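To start, the structure under review is shown below, and the notes come after it.
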Amino acid sequence: PRSGEVYNNFGLTLLSLHRTAEAIEKFTRASELLPQSAHVFNNLGMALQKAGGYDKALGAYDTALALAPTYAEALVNRGNLLIKTRRFDEAQENYRKAIRANPAYPDGYYNLGNFMRETNNLSQAISCFRKTLDLVPAHLGALCNLGECLEVAGEIDQAERIFEQALSQDALCKPAWDNLLTCMNYNPRHDHSRLLTKHRAWGEVVEQPFTPIVHPVSAAPNRRIRVGYVSPDFCRHPAASFLLPLIQSHNRNEFEVFLYSEGDRPDRVSSEFRAHCDHWLDTKPLSDDQLCSRIGNDSIDILVDCAGHTAGNRLRVFARKAAPVQVSWLGYPNTTGLSRVDYRMTDATCDPAGEPPCHSENLVRLPGCFCSYTMLHDAPEVSRSPSLSTGTITFGSLHTLARINQEVLSLWARTLQAVPDSKLLLFRTTLDESIQQRFRQSFAHRGITSDRLIFQREVPRGGGHLAIYSQIDISLDTFPWSGHTTACESLWMGVPVVTLYGNRHAGRMVASVLGAAGLPHLVALSHEEFIRIARELSSDSSTLDALRQGLRSRISQSPLGNYTGFAARVERAYRDMLGKAS
């Protein structure tokens, strides 16, 4: 009973069992018996932090560092706590102190890398993760985060190799699988067959341990159909612009709506979702088995995945066959790879009939467009076309850098050459100096001088990133993964989008949106046609401005703005699916 070491070890054991309150009790007793032990106070800080007692945790770390100022682990833990309380400069300094105190301590570089990633300093983050791997080559977290940084920076081939390396260490690693599959969609090297094979390989891995649950389907007439949506994005997120119109427009007399939210940062938009559903469940604390059981207890008829392989997905719940009918829609522009997801909702533009199979699900082609769209927050007023005052056309892109591959750069360079004196504005908060230099070199190689390129990474005050569109005349789309949300935002801000009709669902989403908006003439079937459309739009600034001023009302009055009509089409599809299952 007088051994501080025993109490400390007891606390560590309890902490590993997630019995945090008991662990705090044991560490507190250990600190009384060993008041000069920095190690004990560091452990107490970890337990208090895990319990959400941030002020007390900070005090414990401060005590540890007063006893041992160069204690690298306590410095890193203190930095992690400061991140949670948004004291970013202090956090960074703690990580750097840890590295100076112990240059061979991998967690110092790893956590500094995480900080740099969160603050959009990609090049420094990549350097930190590489240093972590120099020290611990098998560091799975560093591998996955390095791959993600390379992906976000647009270094797709390198990112894929890193994710494959992570999977060679852990064949079930969820971040590596999700990022690899997402990454492959950006890469023009991969065709339908390759993408389907890789997605199915993942599906076989995650389905193999589970015998699918068999669900009885009620045939009772006139009952309310229970539909559950699973997503991390019931919040201020790009996907919510497409999710909310459906959720708020469901016929609640005929459908009982359950939202299974994997988000961890509720906001005003989350409140709107909650107001338009019958049942809400925060799923983040639940294991896959627990969530599967809850869905079964809720007697869900149709379970809809709205995330695919993007961050925060719960596809492993779908691998257990959690509901009689399982559907994939919206959040990911490709197959899940799961044989136990029955349907994927799309449309005839994104997935025309007669193509070779590229999906593990059965396709349900909704009439018209596969989505509707709403602007979730107040957007700036539509500005006049900037070319009216500058005398030159400014093309623009707000796409994630992963979409901007070498083939895209070549087409954009040819477009700039076809419109003399035109410029290209690239906006992304991740556009650090080294990435800008890479783009300058790529365009210079294609005959475009740096004075025709505008890089912007700061979000304008007032209006957010949407205010950038006041500087852009025409948006240029990407391929093989087109910018679906980006295109909708661009059109809402009055900026027309030129897109290339791609060879897969991911590359046709903008074509579907433009068709629904009555703008099919902005969809090119070849690179030459893409350049022609951009050149013709650029030929008359007054005509371009007239188009600009009418785009917002055009979107509102188009099928994209007819939320009730879209919901009715989805509900008909749900009834058909359920009818086939009963």
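The values are calculated or read from the model by the stated rules, or taken from the named source; none is laboratory data. Just so it is clear, the structure is predicted and the values come from calculations on it, not from any experiment. Note that we place each Cβ from the backbone using ideal geometry, even for glycine, and neighbour counts take in every protein chain shown. Quick note on the areas: whole protein, heavy atoms, side chains included, nothing else; ligands and nucleic acids left out. Shrake-Rupley method; radii C 1.70, N 1.55, O 1.52, S 1.80 Å.
Here SER389 clears all of (1) touching a residue at least 12 places away in the same chain (Cβ under 8 Å); (2) more than 19 Å from SER442 (Cα to Cα); (3) among the small types (Gly, Ala, Ser) except the condition numbered (1). Can you find a residue in segment 283-303 that is at pLDDT 95 or above, touching an Asp or Glu at 6+ places or on another chain (Cβ under 6 Å) and either part of a helix (DSSP H, G or I) or surrounded by fewer than 22 Cβ atoms within 10 Å (Cβ to Cβ) (or both)? For segment 283-303, residues at pLDDT 95 or above, touching an Asp or Glu at 6+ places or on another chain (Cβ under 6 Å) and either part of a helix (DSSP H, G or I) or surrounded by fewer than 22 Cβ atoms within 10 Å (Cβ to Cβ) (or both): absent.
The number of residues in segment 530-566 being in a helix (DSSP H, G or I), among the charged types (D, E, K, R), out of contact with any helix residue (DSSP H, G or I) (no Cβ under 6 Å at 6 or more places or on another chain) and open to solvent by 60 Å² or more (accessible area, probe 1.4 Å) comes to 3.
The set of residues from segment 567-582 being crowded, with 19+ Cβ neighbours inside 10 Å and touching a His at 6+ places or on another chain (Cβ under 8 Å) comprises just one member, ALA567.
Here's the yes/no breakdown for (1) open to solvent by less than 10 Å² (accessible area, probe 1.4 Å); (2) in contact with a strand residue (DSSP E or B) (Cβ under 8 Å, 6 or more places away or on another chain); (3) polar (S, T, N, Q):
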position	(1), (2), (3)
LEU143	yes, no, no
GLY147	yes, no, no
GLY154	no, no, no
GLU160	no, no, no
PHE163	yes, no, no
GLN169	no, no, yes
LYS174	no, no, no
LEU180	yes, no, no
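In segment 361-382, the residues that are at positive phi form Cβ pairs under 9 Å with partners that are basic (Lys, Arg) and open to solvent by 30 Å² or more (accessible area, probe 1.4 Å), at six or more places apart or across chains, as follows: GLY368/ARG569.
Yes or no: segment 206-214 includes at least one residue that is of a type in the set (S, T, N, Q), touching a residue at least 60 places away in the same chain (Cβ under 8 Å) and under 23 Å from CYS292 (Cβ atoms).
First, pick out the residues of segment 206-214 that are of a type in the set (S, T, N, Q): 208, 211.
Filter once more, keeping what is touching a residue at least 60 places away in the same chain (Cβ under 8 Å): none.
No: zero hits.
Of the residues making up segment 125-155, those that are within 29 Å of PHE427 (Cα to Cα) and hydrophobic (A, V, I, L, M, F, W, C) are ALA125, ILE126, CYS128, PHE129, ALA142, LEU143, CYS144, LEU146, CYS149, LEU150, VAL152, ALA153.
Quick test for you: out of ALA307, ALA348, ALA311, ALA322, pick the one residue that is free of Cβ contacts under 8 Å to residues at least 60 places away in the same chain and small (Gly, Ala, Ser).
After applying the criteria, what remains is ALA348.
Here segment 446-468 is the region considered, the condition is being in a helix (DSSP H, G or I) and out of contact with any helix residue (DSSP H, G or I) (no Cβ under 9 Å at 6 or more places or on another chain), and the residue that is surrounded by the fewest Cβ atoms within 10 Å (Cβ to Cβ) is ASP451. Looking across segment 472-491, just one residue is in contact with a helix residue (DSSP H, G or I) (Cβ under 7 Å, 6 or more places away or on another chain), over 13 Å from ALA506 (Cβ atoms) and part of a loop (DSSP other than H, G, I, E, B), and that is ASP473. Could you please let me know if PHE163 is out of contact with any Phe, Trp or Tyr (no Cβ under 7 Å at 6 or more places or on another chain) and in a helix (DSSP H, G or I)? Against the criterion (out of contact with any Phe, Trp or Tyr (no Cβ under 7 Å at 6 or more places or on another chain) and in a helix (DSSP H, G or I)), PHE163 qualifies.
Mind checking which residues of segment 512-529 are open to solvent by 10 Å² or more (accessible area, probe 1.4 Å) and either farther than 21 Å from ASN185 by Cα or within 24 Å of the chain's Cα centre (by Cα) (or both)?
Taking segment 512-529 and keeping what is open to solvent by 10 Å² or more (accessible area, probe 1.4 Å), we get 515-516, 518, 520-521, 523, 525-529.
GLY515, ALA516, GLY518, PRO520, HIS521, GLU528, GLU529 - these are the residues of segment 512-529 that are open to solvent by 10 Å² or more (accessible area, probe 1.4 Å) and either farther than 21 Å from ASN185 by Cα or within 24 Å of the chain's Cα centre (by Cα) (or both).
Comparison of PHE273, PHE242, PHE234 shows that the only residue that is open to solvent by less than 40 Å² (accessible area, probe 1.4 Å) and outside any helix (DSSP H, G or I) is PHE234. Restricting segment 218-231 to residues that are surrounded by 13 or more Cβ atoms within 10 Å (Cβ to Cβ) and among the hydrophobic types (A, V, I, L, M, F, W, C), the residue that is nearest to PHE258 (Cα to Cα) is VAL227. The requirement of being of a type in the set (Val, Ile, Thr), under 30 Å from VAL257 (Cα atoms) and touching a strand residue (DSSP E or B) at 6+ places or on another chain (Cβ under 7 Å) is fulfilled nowhere in segment 202-211; no residue meets it. Selection over segment 435-463 of residues that are touching a residue at least 12 places away in the same chain (Cβ under 8 Å) and of a type in the set (Gly, Ala, Ser) gives a count of 4. Could you say whether any residue in segment 1-10 is among the aliphatic types (A, V, I, L, M), in contact with a helix residue (DSSP H, G or I) (Cβ under 9 Å, 6 or more places away or on another chain) and more than 28 Å from CYS128 (Cα to Cα)? The answer is yes, given that some residue of segment 1-10 is among the aliphatic types (A, V, I, L, M), in contact with a helix residue (DSSP H, G or I) (Cβ under 9 Å, 6 or more places away or on another chain) and more than 28 Å from CYS128 (Cα to Cα). Within segment 192-203, the set of residues being in contact (Cβ under 8 Å) with a residue 60 or more places away in the chain and either exposed (fewer than 15 other Cβ atoms within 10 Å of the Cβ) or more than 24 Å from the chain's Cα centre (by Cα) (or both) comprises SER193, ALA201. Of all residues in segment 47-81, those satisfying the criterion of being under 22 Å from GLU25 (Cβ atoms) and polar (S, T, N, Q) are GLN49, THR63, ASN77.
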